[in-house]
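Some notes on the structure that comes next.
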There are 2 protein chains.
Amino acid sequence: VFKARMGLGATRSSGRCPCPWQCSLNWITFKGWVRSVRSQKEVLFLHINDGSSLESLQVVADPSLEKRDLTFGSAVEVQGKLVKSPHKMQNMELQAETIHVVGPCDIWSFPLKMKERHPLEYVRQFPHLRCRNNTLGALLRIRSEATASIHSFFQDNGYVHIHTPIITSNDCEGAGELFQIEVSWAKESVEKSHFFNVPAFLTVSGQLHLEVMAGAFTHVFTFGPTFRAENSQSRRHLAEFYMVEAELSFTESLQDIMQVMEDLFKTVTSTVLSKCPRDVELFHKYVAPAQKDRLEQILKHKFMMPLLLSLQWGCDLQTEHEKYLVKHCGEVPVFVVNYPYDLKPFYMRDNEDGPQHTVAAVDLLVPGVGELCGGSLREERLPFLESRLQRYLDLRKFGSVPHGGFGMGFERYLQYILGVDNIKDVIPFPRFSHSCLL
Amino acid sequence: VFKARMGLGATRSSGRCPCPWQCSLNWITFKGWVRSVRSQKEVLFLHINDGSSLESLQVVADPSLEKRDLTFGSAVEVQGKLVKSPHKMQNMELQAETIHVVGPCDIWSFPLKMKERHPLEYVRQFPHLRCRNNTLGALLRIRSEATASIHSFFQDNGYVHIHTPIITSNDCEGAGELFQIEVSWAKESVEKSHFFNVPAFLTVSGQLHLEVMAGAFTHVFTFGPTFRAENSQSRRHLAEFYMVEAELSFTESLQDIMQVMEDLFKTVTSTVLSKCPRDVELFHKYVAPAQKDRLEQILKHKFMMPLLLSLQWGCDLQTEHEKYLVKHCGEVPVFVVNYPYDLKPFYMRDNEDGPQHTVAAVDLLVPGVGELCGGSLREERLPFLESRLQRYLDLRKFGSVPHGGFGMGFERYLQYILGVDNIKDVIPFPRFSHSCLL
């Protein structure tokens, strides 16, 4: 682990040892922030963290090197020799020759305290400092790794990445909960709506734009921010959140869509588990103790599909139903398919199992989080779509193909694999009603 | 090239040949859109493209398989045997046994025509169909590859990826040209500004949020959309565009920042050139014929820095100055450093070469595009920043370190390497004043 950090973190710079023999071996400068100071009679111990991993580097120094501003939270540059540590807790330690305090830390006003396990609710108050907390640090490293892994998954499977637009004049879901965009410098409301000539909104989904692209590249994906102006203080909703969306042409079966969802989940999760073992361990040890074994089980088995769902026809699944279903199946991810026609948007494909009876829709439900992914086959047949948006129809007129796709909420994904209760703790800068800090 | 497509494009499905020996070898189903139909007396030739590469697969069939709706633009599924082609133009061809028109194309109203090289201005009118055009198709594949390569570059160099927020209550550049966000369902203007309790805007830069994160992870980057409400119809500006931004702690020299800019440019460009040779060739052949040799030269040499700049003190560089500089240096990328103090924002580091004389700022200018990257060392010293934003100051109180960073306009990058004149042609769905199509 230590090796990985030394390779990755570019805060290390090697040089020549100032000893008479000028040995260059293991003489380094390490830069980071002090996580602990322990001063003993004969020796001064420091732990320095540079954010490239959860582990800090132990520094051993002569007590004469201690200074007044060498405190918890200060930024330091330490020069010395990297040697094998006699302690079991770490591989290596740094025998310091010089310690330079680059930036002192006002510990009285610094809200993080040495060796304290602050609750997530507490650190959430400090959007500009909470990344210095171990839990948030681990989370953001995992988020970064998961992001890279999502890009690789699709790239490796021949998908073209598309930057779908953030500002749009469409309203994909027909939802009323949109953010509208205006220019800040216009005084009159008439002037305000003149920038784009049409009312413009923040996107709620990249699906329609992906459908355009799937009509040229066959397999496409996007991974970007989406928005809902929901006045909700729920632990599962944000005003700004990230969504992974994929669209596949020449797809005639929901099974194909479900297979991609499952492969995506398993590939990304395996990568995160193997690339960030210590960071993930923090969550599976202190935040959600049972999650580790459950995840490992889930990675080994096929996702489930409930065979029969007894519910009043035409009622949508409520959170309670979702919870029951997932529990009934043994607290594992569950696919629910073929929703009533009237509950779903116009672009979903009619199953033709009766007059406007069900559509080829699928949701992936996971324990603790609820709906993680939602997808469907799209209606590719022109007559089924007539009297709708002209451009959407155009896509069906020039080489229309059966296709489908899905979206996965990235924050919900992180909540689920790490067992984090509140969605505000899995995004760097959460935005929700009444809160837009920084 | 063909092999690459067959490996990547998942539109192929192999099966068993219906011959008496049921040989499985090379029996495939290929799915895509018809790019050309050529019917001869004895044989029917088709070119089918599935968007995974510029090349189409040649299909050879018996004329009896021709149907009325097998036209340019239609979507087809072809089953047959993949064999070595006797023609020089391609490696392989498909001897069709069956051809199924999945989605016909109304060729009379389809704005793209067979074998025609439509100008970029023409296809720009059809945001939902222009990706079916060869040039735009190639561009979007290159954009996807460049995106992946940017993520890899930073990941490989130990940077943590951060999703900096889109909605923010800050105004990084102090610019007036902001988009403001309101909820669409509120009727009163008082109600409208109540969603976040404060006025909220679309981000113009992730820099301040990256600075927060660089104070924990040392090296961080972001790659997302940014916005300007500039009422400009220029070929270099968009209302919504993508920016790559990096921030590095413990950085005391502009040289370090410039090195990252140069490495990023060279690594990503080399990757794009080697991974999308045919797509890039299209641009370097038809769009900007001289660009290929120039790029190859640039990849071999260090970027330049103009030694002396004679200009009236305190004047900012105008487009004409930038052009002259780049030309003077031989049409290569040029770094311009140390701008007058008064021209730059508060967070840039005072060079202390006189009372508020210059700041440690750097711009990277490239031929044809102008400013590609802008960066600076940030002012890490508390006294220099006092009387500014409290949170920004807080970051200097708890372990402040010298740091710096930069941003690169992703569309301008693509414009430059491909020689594309208009920025609207290097983004999937361009947004600019008076235009927000789809």
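The values are calculated or read from the model by the stated rules, or taken from the named source; none is laboratory data. None of these values were measured; they are calculated from a predicted model. FYI the Cβ positions are ideal-geometry reconstructions off the backbone, even for glycines, and counts take in every protein chain you see. Accessible surface is based on the protein model in full, side chains and every heavy atom, while ligands, DNA and RNA are left aside. Shrake-Rupley method; radii C 1.70, N 1.55, O 1.52, S 1.80 Å.
Worth pointing out:
- Highest-MSF residue in chain B out of B:216, B:96, B:75 [GNM, Cα springs under 10 Å]: B:216
- Solvent exposure of chain B as accessible area per residue, Å², 1.4 Å probe: 42
- Area accessible to solvent at residue A:315, 1.4 Å probe radius, in Å²: 60
- Alpha carbon centroid spacing (whole Å) that separates region A:56-97 from region B:93-157: 56
- Take each residue of peptide B:209-221, count the partner chain Cβ atoms within 10 Å of its Cβ, and average: the result is 6.
- Among beta bridges identified by DSSP and lying wholly in region A:130-425, the antiparallel ones come to about 95 percent.
- Burial order of peptide ranges A:286-294, B:262-270 (average beta-carbon count within 10 Å, highest first): B:262-270, A:286-294
- Stretching residue A:87 away from residue A:69 to a fully extended chain increases their span by 3.7 nm, per 0.36 nm per residue minus the current alpha-carbon distance.
- Shielding score for A:151-157, defined as the mean number of other chain Cβ atoms within 10 Å: 4
- The loop-placed chymotrypsin sites (Phe, Trp or Tyr not before Pro) in region B:84-168, going by DSSP, that have at most 15 neighbouring Cβ atoms within 10 Å of their Cβ come out as B:108.
- At R0 = 41 Å, FRET efficiency that the Cβ-Cβ distance of residue B:95 and residue A:157 yields, to 0.05: 0.90
- Share, in percent, of DSSP beta bridges within the protein assembly as shown that are antiparallel, nearest 5: 95
- Shape call, region A:130-425: gyration tensor on alpha carbons, a/c limit 1.5: oblate
- Partners of residue B:397 within straight-line reach, counting aspartates and glutamates whose Cα lies under 13 Å from its Cα and excluding those fewer than 8 residues away in the same chain: A:69, A:106, B:379, B:380, B:386.
- For residue B:114, the label point sits 7 Å beyond Cα toward Cβ; its separations from the matching points on the remaining copies run 8.0 nm, from shortest to longest.
- When accessible surface is computed with a 1.4 Å probe, chains B and A are found to bury approximately 8800 Å² between them, both chains counted.
- Whole-Å distance, taken between Cα centres, linking region A:366-438 and region A:217-247: 6
- Sorted from shortest to longest, the distances between the residue A:320 label points of this copy and the other copies are 7.4 nm, with each point 7 Å from Cα along the line through the beta carbon.
- Modelled label positions at residue A:39 and residue A:62, each set 7 Å beyond Cα in the direction of Cβ, lie 1.7 nm from each other.
- Across the accessible surface of region B:130-425, with the other protein chains kept in place and a 1.4 Å probe, carbon and sulfur atoms take up 49 percent.
- 21 Å Cα-Cα reach of residue A:424 towards lysines, excluding residues that sit fewer than 8 places from it in its own chain: A:285
- Unsatisfied cross-links (Cα-Cα over 31 Å) in the set B:84/B:300; A:67/A:115; A:302/B:81: B:84/B:300; A:302/B:81
- The other copies place their residue A:296 label points at 5.4 nm from this one, listed shortest first, where each point is 7 Å from Cα along Cα→Cβ.
- Neighbouring partner chain Cβ atoms per residue of B:399-405, average, 10 Å criterion: 5
- Partners of residue A:323 within straight-line reach, counting aspartates and glutamates whose Cα lies under 16 Å from its Cα and excluding those fewer than 8 residues away in the same chain: A:331, A:363, A:371, A:421.
- For region A:130-425, averaging the sequence separation of C-alpha pairs within contact (under 8 Å, six or more residues apart) and dividing by the residue count gives a relative contact order of 19 percent.
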